[in-house]
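Below is one structure, written out as structure tokens, with a few remarks after it.
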Amino acid sequence: MRVLIAYSSKYGSTRGIAQAIAEQLGTHAVSADVASVTETTGVADYDAVIVGSAIYMAQWMPEAREFLEKSAAELADRQVWVFSSGLSDTPSKDTNSGGNRGIRSFVPEGTEHRHFTGALDMDNLNIAERAVIAAARGKYGDHRDFDAIRAWADSIAEKLRAD
Ligand SMILES: Cc1cc2nc3c(=O)[nH]c(=O)nc-3n(C[C@H](O)[C@H](O)[C@H](O)COP(=O)(O)O)c2cc1C
């Protein structure tokens with residue numbers, strides 16, 4: 001069983017979520033390769049694929065969407081999970097609609113899409129980004145819930161084992 005966790009992350013917090021998922025899968029004796037969507041050679045060598053992206057301006061990062069789009073035919077034959085990371089905790093409604101509706105056509109029907117709260121360090125941001133965060137009243141800090149992330153990885157390991 002080969003598992004790929006492909007992520008897209010501008011400031012590293014989504015990469016941290018991908019790594020935490022891989023570590024937790026490891027506790028179930030499931031080994032996973034973690035790679036950015038721009039570095040991985042693709043999904044051909046894998047039985048199961050987990051793809052995650054940070055959300056910016058209500059959208060998945062373009063390279064993550066492109067990765068899903070170009071992999072769509074291969075993903076149709078594989079077990080697939082997707083996750084988003086963002087500060088909004090209402091990803092399925094109006095906010096972050098691109099993170100949900102925008103990628104649905106590229107993944108097999110019924111694919112589980114999990115949203116995790118992310119992290120934001122003001123020091124990383126330029127003035128324009130800080131203005132966006134101020135307007136949205138975004139909260140700086142690391143809001144990642146690693147218990148929830150590990151629990152999700154546990155559920156994935158269980159499904160992989162069942163199959
Ligand atoms: C300019 C900007 C726009 C953002 N837009 C959204 C958004 O629309 N929805 C959301 O949930 N989070 C938004 N965020 C928060 C990021 O998704 C969050 O900080 C994420 O954890 C960053 O992931 P990364 O460290 O992997 O890049 C935004 C952050 C910035 C700086």
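For this structure, a couple of remarks:
- Check on SER92, outside any helix (DSSP H, G or I) and modelled with pLDDT under 90: yes
- Among residues of region 70-99 that are among the polar types (S, T, N, Q), those with a beta-carbon under 6 Å from a residue that is at pLDDT 90 or above and more than 11 Å from the ligand (Cβ to nearest atom) at least six positions away or on a different chain give the pairs SER71/VAL43; GLN79/ALA48.
- The residue pairs whose first member lies in region 20-49 and is without any contact (Cβ under 8 Å) to a residue 60 or more places away in the chain, whose second member is β-branched (Val, Ile, Thr) and exposed (fewer than 13 other Cβ atoms within 10 Å of the Cβ), and whose beta carbons are closer than 9 Å, counting only pairs six or more residues apart or on different chains, are ALA35/THR41.
- HIS115 satisfies every condition listed in (1) in contact with a Pro (Cβ under 6 Å, 6 or more places away or on another chain); (2) at positive phi except (2).
- Contact map, region 132-146: residues that are over 12 Å from ALA119 (Cα atoms) paired with residues that are of a type in the set (Gly, Ala, Ser) and assigned to a loop (DSSP other than H, G, I, E, B), Cβ distance under 6 Å, separation 6+ or inter-chain. No pairs are found.
A quick yes/no check of all residues on (1) touching a Phe, Trp or Tyr at 6+ places or on another chain (Cβ under 8 Å); (2) at pLDDT 95 or above; (3) within 15 Å of the ligand (Cβ to nearest atom):
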position: MET1; (1), (2), (3): no, no, no
position: LEU4; (1), (2), (3): yes, yes, no
position: SER9; (1), (2), (3): no, yes, yes
position: THR27; (1), (2), (3): no, yes, no
position: VAL30; (1), (2), (3): no, yes, no
position: ASP33; (1), (2), (3): yes, yes, no
position: VAL49; (1), (2), (3): yes, yes, no
position: GLY52; (1), (2), (3): yes, yes, yes
position: MET57; (1), (2), (3): no, no, yes
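- Top-ranked residue of region 106-149 - restricted to ones that are assigned to a loop (DSSP other than H, G, I, E, B) and aliphatic (A, V, I, L, M), ranked as surrounded by the fewest Cβ atoms within 10 Å (Cβ to Cβ): ALA136
The values are calculated or read from the model by the stated rules, or taken from the named source; none is laboratory data. Remember, it's a predicted structure, so these values are computed and weren't measured experimentally. Glycine also receives a Cβ, built like all others from the backbone with ideal geometry; neighbour counts cover every protein chain displayed.
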